[in-house]
Amino acid sequence: MARFLVQLVGVVLIGGFSSYFYLGLIDGHGRYDILDLLKRRPITAAIGTGAPLLAQNEESSLLRAVPLDLNNIGILEEVNRSLADLTDAVVPSVVSIDTTTSVKVTRVVPADPFGFFGYRQSENYQSPGLGSGFIVTSEGHIMTNHHVVAGVDKIRVTLHDGGQYEAEWIGSDPNVDVAVLQLKAPEGGQLPALQPLSFGDSEAVRVGEMVLAVGNPFGLSETVTRGIISAKQRELSDGANEYFQVDAVINPGNSGGPLVNVRGEVIGVNVAIFTGQQDVRFWQGIGLAIPANEAKEVFEAIVLGRPLIRGYIGLEVENITRNYAIALGLNSTQGALITDVVKGSPAEDAGLKPGDVIVKFDGKAARTAEDTLTRIRAKKAGEEAQLTVIRKGQSMEAAVQAIAKSDTNTLKLRSDIAATGQSIAEALGITVGNLTPAQRTAVGLPETTAAVVITEVKSDSQAAKRFRPGDLIHRINQDPVTDVATFYDLLGSLPQDKTTVMVLSRDGQLIRAFLNP
């Protein structure tokens, strides 16, 4: 073995000196060689001229490059300074959003050592949630994703200066996945001076533009990542929503945070990451953001009451039932059944009729009525929709040109829900009020127990048969009724297909009232 090593070293040395001798013939002007390496002379990069190595009457085919002057980095310093200034300007407008949701879990508690017998026990716990948002008005309006705040019981917002404030949800467009919150001033106080961000024109965004994503990934507040717009018009599914694809790092908790351009304008709302292969557990470089123009339209519709202009072709559609699919000889319940065509509408001009089933929209499968309506609303005025429909078992194509029309069907507003709740309370025949401290003391009700009091019951109403003035309402289904506003919100968002349970108390005795849809 030792002999082999000696021979190997000898070959290397001989080969090295042979190469040195040969290269010396090629370049007699002191090129870097193994002796220079042994002497630890510094290496200077060489740039090839592209000329033949053995060209006659030429000094050399290689020129020594000028070493990099590290003192001449003015452009890099300017870029670095601009990015830091941009970050300083944007970060104070980005907020962290913490949510809590009451969750009821039922478990079986064994009543004997062998577990043959037991009883059910319900437990409530608070499930935390995390997201990001950004300030859009000096009055305290916050924009975030709908999925960050959907169905939560409590929203708390942390500002750049560390101040924490309760926030209430005032409206959403679930289809676009945008929600608007309103910061609540503390009792007896006011909100601090806020620094809102402005919206840029997402239509003008170009692939390759540099962007910053700011958010609260994994609870690490005010995290800034940099990247570029990798692509436009990306889709998560067959739905109509299109997104910007970015390579800035986006992780759980970034949802709802802003995507800003180099001018500090919001050009997108970070919404999701593309996971790709499910067995790959690391970030794969694909983030998605809602274009700012869509988010701005939703904000203006919710806060300013401006019409939300969407595509319209004049159809009413519904999902296909199993029986209807059998009757039509369809192989699937996927698609949208046309139930009505508005007279004089683009759909009528295209020859569509009630009873037709839309199975494809712009070449992609139409899965549900909601999916089809979402795609129609995403169309701009003058754009054409290519529909594949089934009529009496035969497939046919139809081209329909969309027009612009005001649309409020996709918006969910807290004001609408509260108004609906008030209407339900009036239909039931009850009026409620918040409990005063004196009333709580009189009935021995702790401050922490959720309740509102029935102040009036109309005679000859539905409520007159079950309710009385002075009854306390504690829960609607599993949601605590903490005040009058919550009571109306819960009534206004009752499920349409399930019986509702209202839990009351009278003279210390619990009462359960059932409300049919």
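What the table below lists for this structure:
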read-out: Those residues of region 470-493 which are touching a residue at least 60 places away in the same chain (Cβ under 8 Å) and assigned to a strand (DSSP E or B), in sequence order; value: 479, 480
read-out: Residue within region 380-393 that is under 22 Å from residue 178 (Cα atoms) and either surrounded by 13 or more Cβ atoms within 10 Å (Cβ to Cβ) or modelled with pLDDT under 85 (or both) present; value: yes
read-out: Among (1) of a type in the set (Gly, Ala, Ser); (2) at pLDDT 85 or above; (3) in contact with a Gly (Cβ under 6 Å, 6 or more places away or on another chain); (4) not assigned by TED's automatic domain parsing to the domain that holds residue 223, the one test that residue 256 misses; value: (4)
read-out: Enumeration of residues in region 403-438 that are over 27 Å from residue 179 (Cβ atoms) and either part of a helix (DSSP H, G or I) or over 37 Å from the mean Cα position of the chain (by Cα) (or both); value: 426, 427, 428, 429, 430, 431, 435, 436, 437, 438
read-out: Residue check for residue 248: outside any strand (DSSP E or B), in contact with a Ser or Thr (Cβ under 6 Å, 6 or more places away or on another chain) and of a type outside the set (Val, Ile, Thr); value: yes
read-out: Residues that are buried (at least 16 other Cβ atoms within 10 Å of the Cβ) and within 24 Å of residue 354 (Cβ to Cβ), drawn from region 406-420; value: 407, 410
read-out: Filter pass, residue 439 being surrounded by 13 or more Cβ atoms within 10 Å (Cβ to Cβ), in contact with a strand residue (DSSP E or B) (Cβ under 7 Å, 6 or more places away or on another chain) and assigned by TED's automatic domain parsing to the domain that holds residue 487; value: yes
read-out: Residue count, region 170-211 (criterion: closer than 21 Å to residue 264 by Cα and of a type in the set (D, E, K, R)); value: 4
read-out: Which listed residue, of 316, 348, 297, 370, is within 20 Å of residue 173 (Cβ to Cβ) and surrounded by fewer than 18 Cβ atoms within 10 Å (Cβ to Cβ); value: 370
read-out: Strands (runs of 3 or more DSSP E) enclosed by region 118-181 - at least 1 residues per element that are without any contact (Cβ under 8 Å) to a residue 24 or more places away in the chain; value: 118-135, 164-173
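The values are calculated or read from the model by the stated rules, or taken from the named source; none is laboratory data. Please read all numbers here as calculations on a predicted model, not as lab measurements. FYI the Cβ positions are ideal-geometry reconstructions off the backbone, even for glycines, and counts take in every protein chain you see.
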